[in-house]
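Down below is the structure, laid out as structure tokens.
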């Protein structure tokens, strides 16, 4: 198993590997998590044309909702060509000859000879296929920038083990494994949908006329922007229902689309430096303006920033104004948020409402813990990336833990605090001010002011 999956089982420190951005249970009604919008489904359709209802028209990607499609065809009987009229998907290959191959009902990596070797993903040759959303997906007709669920039709051969990596901003934020045949390890993994290690019961050494008997329905509930399929043992192919005859449509590969401010907070000091800062959301006028920067705790502790952590970043407004960074509950992250709240009623000095912080409570998810932010304790030093940190907290996180009932550490303090008097707006009798703060935090967090 990968270091990322092993890290999830270790005691939580400030360098926790990202295993899942957000998982949801499979239900009869598939809906995006976190209140994100449903932007339709991309279907991969391969195999023979099924006339029943005219729904399965291979070979193509088709968007269920708009009807936009992208053709898939073969050049020189083997090399895959992505056509039009729309660009719904971007596919790339690695290993083998680093070119995509396509067969009657399978996508793989071209190895040179025609036939099966053209549309398999082979572990022996270090092959993989990477999927990304095409430019048309971001246009107004579909208006998506991410997926939240995958239902993939995967054919397996020779006791396969397959790795699927979910990527956000080019960084891997989650890993899932599929195993079949003798690659299944007793007492490890599960046959349940959505499992981090999915044990597929398909007959992975079935013959060429086995139909769907050597196919796995691989379901993953995960927010992401790209995914990469690599074969670690045996062979596999990415398919779209073609092995299932007249039942092809029901077995298409499905990619459920949504839209949100997704990103990955990476590690600037890693061998391949990644972004440690989110995009800025909000304008500070109509809603809170927020930017989060990940900190590196290695200055003062044995923990280091090693793995990118995926997130959803968003504003909320109403009775309270603020923003929240949503990630897998329990993942630890040391970070700093710059936040400017919208203009509010001016108060005398020292009488302003205090900022309220809401921590996700892994022990009782329905009842988050509220905390009124206080001034930071301890000293201030710079981490290896030049960001300010509080070494005492990183050295003794348990001492500062605000929710000791959970295994994780939750802590926050105000490092910067500023109030700007804005005067009285036109057509108003109410004086206004704007509060901007810099808050250091660890844990799952939401910032607000009433």
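Just to be sure before I move on: is residue 376 in contact with a strand residue (DSSP E or B) (Cβ under 8 Å, 6 or more places away or on another chain), closer than 19 Å to residue 281 by Cβ and either assigned by TED's automatic domain parsing to the domain that holds residue 421 or at pLDDT 85 or above (or both) in the structure I sent?
On the way: in contact with a strand residue (DSSP E or B) (Cβ under 8 Å, 6 or more places away or on another chain): yes; closer than 19 Å to residue 281 by Cβ: no; either assigned by TED's automatic domain parsing to the domain that holds residue 421 or at pLDDT 85 or above (or both): yes.
Judged against the criteria, residue 376 is not a match.
Please enumerate the residues belonging to segment 170-183 that are farther than 27 Å from residue 248 by Cα and buried (at least 19 other Cβ atoms within 10 Å of the Cβ).
Of all residues in segment 170-183, those farther than 27 Å from residue 248 by Cα come to 170-175, 182-183.
Selection gives 171, 172, 173, 174, 175, 183.
Every residue, every condition in (1) under 28 Å from residue 286 (Cβ atoms); (2) in contact with a strand residue (DSSP E or B) (Cβ under 7 Å, 6 or more places away or on another chain), yes or no:
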| site | (1), (2) |
| --- | --- |
| 405 | no, no |
| 410 | no, yes |
| 416 | yes, yes |
| 419 | yes, yes |
| 425 | yes, yes |
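Right, residue 174: part of a helix (DSSP H, G or I) and either under 21 Å from residue 219 (Cα atoms) or more than 21 Å from the chain's Cα centre (by Cα) (or both) or not?
Working: part of a helix (DSSP H, G or I): no; either under 21 Å from residue 219 (Cα atoms) or more than 21 Å from the chain's Cα centre (by Cα) (or both): yes.
No; evaluated as a whole, the condition is false for this residue.
List pairs: first residue in segment 409-435 and under 30 Å from residue 397 (Cβ atoms), second residue loosely packed, with under 10 Cβ neighbours inside 10 Å anywhere in the structure, Cβ distance under 8 angstrom, at least six positions apart or on different chains.
If the second residue must be loosely packed, with under 10 Cβ neighbours inside 10 Å, the pairs left are 409/398; 413/375; 414/375; 417/375.
Of all residues in segment 403-441, which are surrounded by fewer than 16 Cβ atoms within 10 Å (Cβ to Cβ) and part of a loop (DSSP other than H, G, I, E, B)?
404, 405, 407, 424, 425, 426, 427, 428, 429, 430, 431
When you scan segment 355-379, how many residues do you find that are within 15 Å of residue 417 (Cα to Cα), touching a residue at least 40 places away in the same chain (Cβ under 8 Å) and in a loop (DSSP other than H, G, I, E, B)?
Here the count works out to 4.
Is it the case, given these coordinates, that residue 153 is touching a strand residue (DSSP E or B) at 6+ places or on another chain (Cβ under 9 Å) and buried (at least 24 other Cβ atoms within 10 Å of the Cβ)?
Working: touching a strand residue (DSSP E or B) at 6+ places or on another chain (Cβ under 9 Å): yes; buried (at least 24 other Cβ atoms within 10 Å of the Cβ): yes.
It is true that residue 153 is touching a strand residue (DSSP E or B) at 6+ places or on another chain (Cβ under 9 Å) and buried (at least 24 other Cβ atoms within 10 Å of the Cβ).
Among the numbered conditions (1) in contact with a strand residue (DSSP E or B) (Cβ under 6 Å, 6 or more places away or on another chain); (2) under 25 Å from residue 307 (Cα atoms); (3) at pLDDT below 90, tell me where residue 337 comes up short.
Against the list (1) in contact with a strand residue (DSSP E or B) (Cβ under 6 Å, 6 or more places away or on another chain); (2) under 25 Å from residue 307 (Cα atoms); (3) at pLDDT below 90, residue 337 comes up short only on (3).
Could you pull out the residue among 75, 120 that is free of Cβ contacts under 8 Å to residues at least 12 places away in the same chain and either closer than 28 Å to residue 193 by Cβ or in contact with a strand residue (DSSP E or B) (Cβ under 9 Å, 6 or more places away or on another chain) (or both)?
Numbers: 120 fails: free of Cβ contacts under 8 Å to residues at least 12 places away in the same chain.
Of the residues listed, the single one that is free of Cβ contacts under 8 Å to residues at least 12 places away in the same chain and either closer than 28 Å to residue 193 by Cβ or in contact with a strand residue (DSSP E or B) (Cβ under 9 Å, 6 or more places away or on another chain) (or both) is 75.
Within segment 156-164, does at least one residue satisfy the condition of being under 18 Å from the mean Cα position of the chain (by Cα) and in contact (Cβ under 8 Å) with a residue 12 or more places away in the chain? Break it down into steps so the answer makes sense when it comes.
Quick first cut of segment 156-164, residues under 18 Å from the mean Cα position of the chain (by Cα) only: 163-164.
Filter once more, keeping what is in contact (Cβ under 8 Å) with a residue 12 or more places away in the chain: 163-164.
Looking through segment 156-164, at least one residue is under 18 Å from the mean Cα position of the chain (by Cα) and in contact (Cβ under 8 Å) with a residue 12 or more places away in the chain.
Within the bounds of segment 204-225, is there any residue that is in contact with a strand residue (DSSP E or B) (Cβ under 8 Å, 6 or more places away or on another chain), within 21 Å of residue 82 (Cα to Cα), touching a residue at least 24 places away in the same chain (Cβ under 8 Å) and surrounded by fewer than 24 Cβ atoms within 10 Å (Cβ to Cβ)?
Checked against the condition, which is being in contact with a strand residue (DSSP E or B) (Cβ under 8 Å, 6 or more places away or on another chain), within 21 Å of residue 82 (Cα to Cα), touching a residue at least 24 places away in the same chain (Cβ under 8 Å) and surrounded by fewer than 24 Cβ atoms within 10 Å (Cβ to Cβ), segment 204-225 yields at least one hit.
Condition check ((1) at pLDDT below 90; (2) assigned to a loop (DSSP other than H, G, I, E, B); (3) farther than 22 Å from residue 252 by Cα) across all residues:
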site: 101; (1), (2), (3): no, no, no
site: 104; (1), (2), (3): yes, yes, no
site: 107; (1), (2), (3): no, no, no
site: 111; (1), (2), (3): yes, yes, yes
site: 124; (1), (2), (3): no, no, yes
site: 131; (1), (2), (3): no, no, no
site: 136; (1), (2), (3): no, no, no
site: 147; (1), (2), (3): no, no, no
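Residue 402 fails exactly one of the following numbered conditions: (1) more than 30 Å from the chain's Cα centre (by Cα); (2) free of Cβ contacts under 8 Å to residues at least 60 places away in the same chain. What is the number of that condition?
(1)
Are there any pairs, at least 6 apart or on different chains, whose C-beta atoms fall under 9 Å, with the first in segment 124-147 and in the same structural domain as residue 110 (by TED's automatic domain parsing) and the second in a helix (DSSP H, G or I), and if so, which?
142/136; 143/137; 144/137; 144/138; 145/137; 145/138
The values are calculated or read from the model by the stated rules, or taken from the named source; none is laboratory data. Fair warning: this is a prediction, and the values are worked out from it, not measured in the lab. Don't worry about glycine lacking a Cβ; one is built from the backbone with ideal geometry, like all the others, and counts go over all protein chains shown.
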